[in-house]
Each structure stands twice: as structure tokens, then as C-alpha cells.
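All remarks here apply to the structure that follows.
The values are calculated or read from the model by the stated rules, or taken from the named source; none is laboratory data. Note that this is a predicted model, so its numbers are computed, not measured. As a convention, Cβ positions derive from the backbone with ideal geometry for all residues, glycine included, and neighbour counts pool all protein chains shown. All accessible areas refer to the heavy atoms of the entire protein, side chains included, with ligands and DNA or RNA removed. Shrake-Rupley method; radii C 1.70, N 1.55, O 1.52, S 1.80 Å.
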Amino acid sequence: MAASQTVGACTARASATLRRCVAGTTDRSRLLEAVASAEEGPTAEAFASLRHRAELEGTESALEATARTTGSPAFADCCRALCGPEQTLPARLDALDVTRERGRVGRFVEAMARTLRTRTRPRTRRRQTGECEQFLDAVTANLRAGATLSDAVGRAATGEHDALAREFDRLAGGVAVDGPRATRRAFEQFAARVDAPTASRDLRRVAAALACDCPPAVAVGGVSDATTTTSVGERQRS
């Protein structure tokens, strides 16, 4: 029961990952894999298990069976949203994520509260979280201005940083290597080196979205109000 409650509590984050990644693919196996790689703990295990079950039983059958048997109502709702035609999948995921992602300020406050409760290097974690937020904002701004992902990361890495200056340089070097796999791997490695849970999760989400062929601006900046499910669907059909 405790594991089910934990999965339910994290389903909002999982649905945010799905909503971002569906901008690149409606292949539900890839979407399940994306959540398993972007999340951690019971949520990652639940989605990895679901993906394995889908390989054995078929995606639709596995999703329907899991929705009936899981002890987490939120996880069941997520499975039901993934069922059905791929053409309307973005709209179903958008409807599932009724609360939407909280603003970055809210997530920053949450990170501060968590690190203060655990008393585990709170100052370092707050600095890393803040710098990572600023860095991703800068990358997104550069992408929207027309820069390539490599150039956007390189420019953002030259900003004034303290806690993560060396890591930003290493990320820029990794992204400069040609090929989407190298870029995704660079973000995954960066996430592993960041000692701030919120920032690390955001970076893993970027890597998962890139793995789903998500446009870089959406992979890094997320799905904004300007990127509706309609525009996502039109891009996928084009």
C-alpha cells in the first residue's frame, strides 16, 4: 500500500514528463521508458514494470490490466489516459495533467523546504537548484532565438555560475559532440552529478524528452501555454 501511495504522489510528475515527451512521439512504449528513466524510486520501477508487461502482453492489454489492478488511483488514471488512439493521446495526457506543472518558483520553494528538513547540504543544493533553473531558462531563450541546441547550451554555460560552473562546461562539451544519443547522454550524466533532487529530475526529464525526439525548445523548456496539444498533434502528423 505504501508503494502505491508513493507512486500516486509522484504521478503528477510522471504525467508532466509524458506531456512533454508526447511532443516528440506517441509511441507508448517509448513514453513509458521515458518516465522510467526520468523518475526514480517506486515510480520509475512501476513504469519500467509496465513497459516490460507491455512487451509481453501488448501495450493496450497491459495498460488496461494495470489500471484495473493497481492500488494507486492516480496511476490507474495515467494508464487509462495512455489507452486508446495515438492521434488523441496528447489531448488525453493534457486532460490528465489538470493541475499542470507548478511554476519554477514553487518548485524552488519545495526544494528549499526539503533540503532544510533533511539538513543535507541545504545551501549547496539551493545554489545548484537555482543555477540549474537559470541555466535551463537561458538555454530555452537561446533556442527560441534560433540557436541550435549545441550553441544554446554553449552560450548558457558561459554565464556567471558558481556551484555548477565546471559541470556546465562538461555538459557543453558533451552536447557539442554530434549525434542525438551523445546529447541525451550528456544531459543524463549531468543529472547524475547534480546533488539537488529537483534539478536532477528536471535534467533527466530533458534527457528523456530528447530520447523521444522532442523538439529541443520543448525538451528543455517544457510545454508552455503557447504549445498546445493541438499544435503538438499537428506537428506529429506533418
If you roll a 1.4 angstrom probe over the protein chains with everything in place, what fraction of the accessible area of segment 154-205 belongs to carbon and sulfur, to the nearest %? 44 percent
Applying a 10 Å radius around every beta-carbon, put 20-30, 60-70 in order of their mean neighbour count, most first. 20-30, 60-70
Whole Å is fine, so just give me how far the alpha carbon centre of segment 41-58 lies from that of segment 155-198. 29 Å
Applying the Karplus parametrisation 6.51 cos²θ - 1.76 cosθ + 1.60 with θ = phi - 60° to the phi angles of segment 77-90, what ³J(HN,Hα) value in whole Hz is obtained for each residue in order, glycine and proline being reported as x? 4, 5, 4, 5, 5, 7, 6, x, x, 5, 4, 9, 4, x
Hey, can you rank 39-51, 75-87, 159-171, 193-205 by average C-beta count inside 10 Å, highest first? 193-205, 39-51, 75-87, 159-171
Give me the distance in nm between label points sitting 7 Å out from Cα along the Cα-to-Cβ direction at E64 and A165, one decimal. 5.9 nm
